[in-house]
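Asker: Please find one structure pasted underneath; my questions will follow.
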Amino acid sequence: MSEYRFPVTRSWTPKSVLGHLRTTSIAGASPFAERPAAFEEEARTLLHELADDGSLPEEARSTALPARRRAGERR
C-alpha cells in the first residue's frame, strides 16, 4: 500500500490561536468554562512569551493511505 505525506506549514499569531481555541470544544470544557476570562488572559500571556517576533510556527504532516474496494464490494 502506498503512503502519501503532505507537509503543512502555518504561521499563527497569539490572537489567531485564541480565536481558533474559541471555535473548539476544548475552550468550553471544564475547568476553562468556569473561568473563561482568566484562561484567555493566561493563554495570551503564554503565547506572547512563546511567539518569536509575534509568530508561532506550526509544522504538521497529513498522511493519506489510499485504498480500493475489491470489485463488487459494497458498504
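The values are calculated or read from the model by the stated rules, or taken from the named source; none is laboratory data. Owing to the predicted nature of the structure, the values given are computational and were not obtained by experimental measurement. For neighbour counting, all protein chains shown are included, and Cβ atoms are generated from backbone atoms with ideal geometry for every residue, glycine included. Accessible surface areas use protein heavy atoms only, side chains included; no ligands, DNA or RNA. Shrake-Rupley method; radii C 1.70, N 1.55, O 1.52, S 1.80 Å.
Asker: Tell me the residue from Thr63, Thr13, Thr9 that is in contact with a Gly (Cβ under 9 Å, 6 or more places away or on another chain), open to solvent by less than 100 Å² (accessible area, probe 1.4 Å) and at pLDDT 90 or above, please.
Answerer: Values: Thr63 fails: in contact with a Gly (Cβ under 9 Å, 6 or more places away or on another chain); Thr9 fails: in contact with a Gly (Cβ under 9 Å, 6 or more places away or on another chain).
Only one candidate passes the filter, namely Thr13.
Asker: Looking at segment 66-75 only, could you name the residues that are open to solvent by 100 Å² or more (accessible area, probe 1.4 Å) and aliphatic (A, V, I, L, M)?
Answerer: Ala71, the sole residue that qualifies.
Asker: If you scan segment 54-75, which residues turn out to be charged (D, E, K, R) and either within 15 Å of Val17 (Cα to Cα) or under 16 Å from the mean Cα position of the chain (by Cα) (or both)? Steps first, answer last, please.
Answerer: Going residue by residue through segment 54-75, those that are charged (D, E, K, R) are 58-59, 61, 68-70, 73-75.
The answer is Glu58, Glu59, Arg61.
Asker: Here is a further query. Name every residue in segment 38-53 that is open to solvent by 80 Å² or more (accessible area, probe 1.4 Å) and more than 18 Å from the chain's Cα centre (by Cα), in order of residue number.
Answerer: Listed by number, the residues that qualify are Glu41, Glu42, Glu49, Asp52, Asp53.
Asker: Within segment 44-75, track down each residue that is part of a helix (DSSP H, G or I) and out of contact with any Pro (no Cβ under 8 Å at 6 or more places or on another chain). It would help to see each step written out before you state the result.
Answerer: Looking only at segment 44-75, we keep the residues that are part of a helix (DSSP H, G or I), and these are 44-50.
Listed by number, the residues that qualify are Thr45, Leu46, Glu49, Leu50.
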